[in-house]
Structure formats: C-alpha cells, structure tokens
1. Just grab the label-to-label distance for Thr130 and Asp1, each label 7 Å out from Cα along the Cβ direction, in nm (one decimal).
2. Using protein chains only and a probe of 1.4 angstrom, how many square angstrom of Ser23 are accessible, to the nearest 10?
3. Over the chain, with every protein chain in place, what whole percent of the accessible area is carbon and sulfur at 1.4 Å, could you tell me?
4. Per residue, how much accessible area does the chain show when a 1.4 Å probe rolls over the protein heavy atoms, in square angstrom?
5. In nanometres, what is the gap between the two model label sites at Ala14 and Asn123, each 7 Å from Cα along Cα-to-Cβ?
6. Match the structure shown to one of the listed values (1) 2, 11, 21, 24, 21, 14, 6, 1, 0; (2) 2, 8, 14, 14, 16, 16, 15, 11, 3, 1, 0, 0; (3) 2, 8, 15, 17, 17, 15, 12, 8, 4, 1, 0 of P(r) over Cα pairs in 5 Å bins from 0, in percent, computed from it, and give that label.
7. Per-residue counts of other Cβ atoms within 10 Å, averaged by peptide: what ranking do you get for 56-63, 109-116, 26-33, highest first?
8. How do Glu133, Glu89 stack up against each other in accessible area, from largest to smallest, with a 1.4 angstrom probe?
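The values are calculated or read from the model by the stated rules, or taken from the named source; none is laboratory data. On a predicted model such as this, the values are computed, not experimentally measured, just so you know. Heads up, the Cβs are rebuilt from the backbone with ideal geometry, glycines too, and the neighbour counts pull from every protein chain shown. Heavy atoms of the whole protein, side chains included, go into the accessibility calculation; ligands, DNA and RNA do not. Shrake-Rupley method; radii C 1.70, N 1.55, O 1.52, S 1.80 Å.
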Amino acid sequence: DAAQLYREWSLAHAAWTRDGPLSSRIAQGTVPGWVATTPAWTRGNMDCLGNLTHIRCAELMLEMQRLLGPGDDGKPLELGMHWYGWNAEQFDVAYPKYTARAGVRDDVAKAQSHGIHVMPYTNGQLMDPTLPEWEDASTYDRG
C-alpha cells in the first residue's frame, strides 16, 4: 500500500518523474533498457568481502551468475550490482568527492564484459560542510 501511495505522489510531484514513464524514457534512449530488464540486483560493499586487500566484486558476481544459470535465451543471466564503498572516502562524508579505490576500474570492466551492470553509490544531493570548498560554494543551491 505504501509503495502505491508513493508511486501516485511521485508521478505527480517528483523531479525524477518529470521526463515521463520509464518505458518512454527507454524508448527515447535516455535510459538504457537493461534498467528495466535486469532480473536480479545485489548490493556490493567495499571490496565485497570487507577487508580491502583485493577487490573481488566481479569475481563474486560471476560466481552468482554461474550459480543462477543461464537466462531463457541460454546466455548468462544479466545481473546488476549497486556498489557501496567503491570510493576511498569515508562513507557519508566528503560529498561530492569520490575517488575510486585501487582495482575498482578493472573490476567494473570485468563485470561489464560478462553482462553485469554496475551502479556506483553516490549521493548527488549533499555537500559536506566540513570540506574547504563549502565556504566557496556560493554557486551551489543549498535549499
């Protein structure tokens, strides 16, 4: 019930719905089709094992893809990963600075080459007021 109430409100009021339904945006090419067709998503965190000694998200996603088996077309199942902690900055501080950890670029390329879509977690609506740039951010809309 809550999801339906939110859907009704967001379609009428949210900025991110102003460009029309997802299906129309996919048809227009402004949103990739895999956003609507990827059957399974996971949440990756840091190196996907928690110790940062070796980025292993792609390896683990490939193992999940193998365990789930092929899709209806016989090809490996498309998967998605929303990756938190891919950046070197401490979580939930230093916005909008994002510096990829060593190994992230290669891991993303490996995952993508196997039909695994990677969406990095970013917070594009906040700026950390402890950053030196905060005082110089007169061009930012803080409202």
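1. Result for the modelled spin labels: 4.2 nm.
2. About 90 Å², ignoring ligands and nucleic acids.
3. On the way: 5380 of 9960 Å².
Taking all protein chains in place, the chain shows 54 percent carbon and sulfur surface.
4. On the way: 9960 Å² over 143 residues.
Result: 70 Å² per residue.
5. Going by the 7 Å Cα→Cβ label model, 1.9 nm.
6. So the structure-derived entry is (2).
7. Details: 56-63: 19.1, 109-116: 16.1, 26-33: 11.8.
In descending order of packing, they fall as 56-63, 109-116, 26-33.
8. On the way: Glu133 70, Glu89 35 Å².
Descending order: Glu133, Glu89.
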